[in-house]
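Chemist: Take a look at the following structure, please.
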Amino acid sequence: MNDSPALEATALGKRYGSNWALRDCTLTIPAGSVTALVGPNGAGKTTLLQLAVGLIEPASGAISVLGHDPRAEPLAVLPRVGFVAQDHPLPRRFTIGETLRLGRELNSSWDDAIAERRVDELGLSRRQRVGTLSGGQQAQVALTLALAKRPELLLLDEPVASLDPLARREFLTGVLQAVTETGITVVLSSHIVADLERICDQLIILAKGRTQLVGPIEEILGGHRLLTGPRTDAAAVARVHQVIRESHTERQTTLLVRANGHVYDACWETHEVDLEEIVLAYLGMTSAAARVVAPAAVAR
Amino acid sequence: MIWVGWRQQRIETLIAAAMLLVLAAVAIPIGIHMASVYSHEGLAACARNYTPAACGIPVGSFLIRFTGLNLLFTWSTLLPALAALLLAAPFVLDLDNGTYRLYWTQSITRRRWIVTKLTLSVAASVAVAASLIALATWSRAPLDHLNGRMSTNSYDTEGIVPVAYALFVLGVAVAIGALWRRTVPALLVAFAVYVVGRVFMDSWLRQRLLSPVKTTWLAASGSGPNLNQALVINQFISDKNGHQLAGSAGPCIRTSSGLLTHTSVCGQPLARGAHVYMTALYQPASRFWELQGIEFGIVAGVGMLLVLAAAWWTYKRIA
């Protein structure tokens, strides 16, 4: 392994016709992190992940995965990256045993022990056909294929979107187990924020093809405050702190701010906010001014 | 990757093999029986030197007796096309289901995936077509001795053109499949394209691949060319220079099954007296391989170009 970040995008863009699926995306995902890529449908999450694994080619900018361009040097990237595409596609006619053989045939770094152990833990028979499995089991088999490659970077595109809550929890537990055992870097996209806090330490918020917020979750939680006070103009606060969202009732103003140091003004009551609320606040606003890149995430 | 590619088209290959086996199970016993009748009745002499008096009845009854085998092989010309359609399916299915995203993110390049899958489909399609050729050529041998190989029911199942049509169907199917990424509609459209292409080739283009031979002879003399085994494009009553006579019978094309001789064509010229001439436009039987070669070049060439186009499109355009 080397010092290069797991994933580095520079002014990355992808266009479909006249429509930018991802635009001007600059971010760094440090090795060893577990990053949640959050945004509504159509925000560009799938596009970013497919760019990372070389399925599509950037229209502008550049992307480097584990120090290599995935399009130019696929064999320097693919063996080191585990990817589970949206809806975890698998050959439905294959049995589980054949699916494992597929992984062995197509991956030089394949580790049979990992695959066999996971299939045993899932309680699946080698002779069962993939097409007969439940959605949750198929997702687990797809994850098994990705993990038995012994990748350094695991990319999961909406892995739990189609799963019921129990299957979702089991899937994320599998990911978490791999993280604790091998220290693998994980990027997983989701439009559901719940559950992510449990396993992720970095957050990227994407909306309308642009990054809205990038940074360590801890700093994001520490840096955002909800201010409530008598109804006033938010301008005074906005001079010091960045106001992400403001809402007013007849007598009261509520501001969600990205605090620049402490909030001293005595007329504001400050509260901590949870991640979901922060995400929603960022997704509610889409002006270009809202784009910020947390310096800590880039500098690390 | 070869194991994966083979595993993905195993069922399709087995279905194609089963179709061949069913055909063989019917054709081989009939073929054996027909060969023994052929030698028992001494029809080889008629194939070498056909005289209406000696051969008319035995050859005619032989051909009628085994007309079923002729019909069987007429229909079996569809077999390589259907097999190639089936063998195109695994490639299109991967694009259709999104499973290509799984394969392309294992530790192999998409180039390798495309080349392996298409090579396996091409190889299996060629193998099916070649098996049909071998089966048809062997079991139809006595019929071909008598009738020649220029009529569609033998021309389309023997020689090399069946391989070309298999490649053509495969190419159309994978090209449409790569563009459309929907398996069943792509295969149905490919089959329709194949049928239209075949009808066009069989009924229009084939006879024009080489400029036909034109021969004029005095009808009453009985000294016309031997058209028994030729692909006759047109035959009509004419003047000495081969110009069709006004009011004479229209095109009088030899039917593909039975034997016809120049003395009985259309049943009428002999009645018109000594100065009636016959003119025939035809591809002689000796041009079988030349015609097959040209047709193979065109059809297989288009097929392989389409396979390459599908490969290129998949490589460049699909994500």
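A short reminder: the numbers here are calculations on the coordinates, not readings from a lab. Nothing here was measured: the structure is a model prediction, and the numbers come from that model. When we count neighbours, we look across all protein chains shown, and the Cβ atoms used for this are built from the backbone with ideal geometry, even at glycine.
Chemist: When you check A:ASP87 against the structure, is it more than 29 Å from A:ARG117 (Cα to Cα) and either of a type in the set (D, E, K, R) or free of Cβ contacts under 8 Å to residues at least 24 places away in the same chain (or both), yes or no?
Modeler: no
Chemist: A further question follows. Given the conditions (1) surrounded by 18 or more Cβ atoms within 10 Å (Cβ to Cβ); (2) of a type in the set (S, T, N, Q); (3) more than 14 Å from chain A (Cβ to nearest Cβ), and given that B:THR51 satisfies all but one, which numbered condition is not satisfied?
Modeler: (1)
Chemist: Can you tell me which residue is nearest to the chain's Cα centre (by Cα) among those in segment A:55-85 that are in a loop (DSSP other than H, G, I, E, B) and within 11 Å of chain B (Cβ to nearest Cβ)?
Modeler: Per the criteria, the residue is A:ALA85.
Chemist: Any idea which of A:ALA113, A:ALA139 is hydrophobic (A, V, I, L, M, F, W, C), in contact with a His (Cβ under 6 Å, 6 or more places away or on another chain) and more than 20 Å from A:GLY32 (Cβ to Cβ)?
Modeler: Being hydrophobic (A, V, I, L, M, F, W, C), in contact with a His (Cβ under 6 Å, 6 or more places away or on another chain) and more than 20 Å from A:GLY32 (Cβ to Cβ) holds for just one of A:ALA113, A:ALA139, which is A:ALA139.
Chemist: Additional query: Give all pairs with beta carbons closer than 8 Å in which a residue from segment A:36-53 that is within 20 Å of A:LEU172 (Cβ to Cβ) and away from chain B (no Cβ under 13 Å) meets a residue that is of a type in the set (A, V, I, L, M) and assigned to a loop (DSSP other than H, G, I, E, B); count only pairs at least 6 apart in sequence or on separate chains.
Modeler: Going by the 8 Å Cβ cut-off, the qualifying pairs are A:ALA36/A:VAL193; A:VAL38/A:VAL193.
Chemist: Follow-up question, since we're still on this one. Just to be sure I understand, how many residues within segment A:54-84 are under 30 Å from A:THR132 (Cβ atoms) and in contact (Cβ under 8 Å) with a residue 40 or more places away in the chain?
Modeler: Of the residues in that region, 4 qualify.
Chemist: Quick one: is B:LEU102 surrounded by 22 or more Cβ atoms within 10 Å (Cβ to Cβ), within 10 Å of another protein chain (Cβ to nearest Cβ) and not in a loop (DSSP other than H, G, I, E, B)?
Modeler: Answer is yes for this residue.
Chemist: Now for a different question. Pairs needed: first member in segment B:5-21, more than 13 Å from chain A (Cβ to nearest Cβ); second member anywhere, in a helix (DSSP H, G or I) and surrounded by fewer than 17 Cβ atoms within 10 Å (Cβ to Cβ); C-beta distance under 9 Å; at least 6 residues apart or different chains.
Modeler: Qualifying pairs under 9 Å: B:THR13/B:TRP6.
Chemist: Moving on to the next point. Check A:SER109 against each of (1) closer than 23 Å to A:THR185 by Cβ; (2) more than 10 Å from chain B (Cβ to nearest Cβ); (3) not acidic (Asp, Glu) and name the one condition it does not meet.
Modeler: It is condition (2) that A:SER109 fails.
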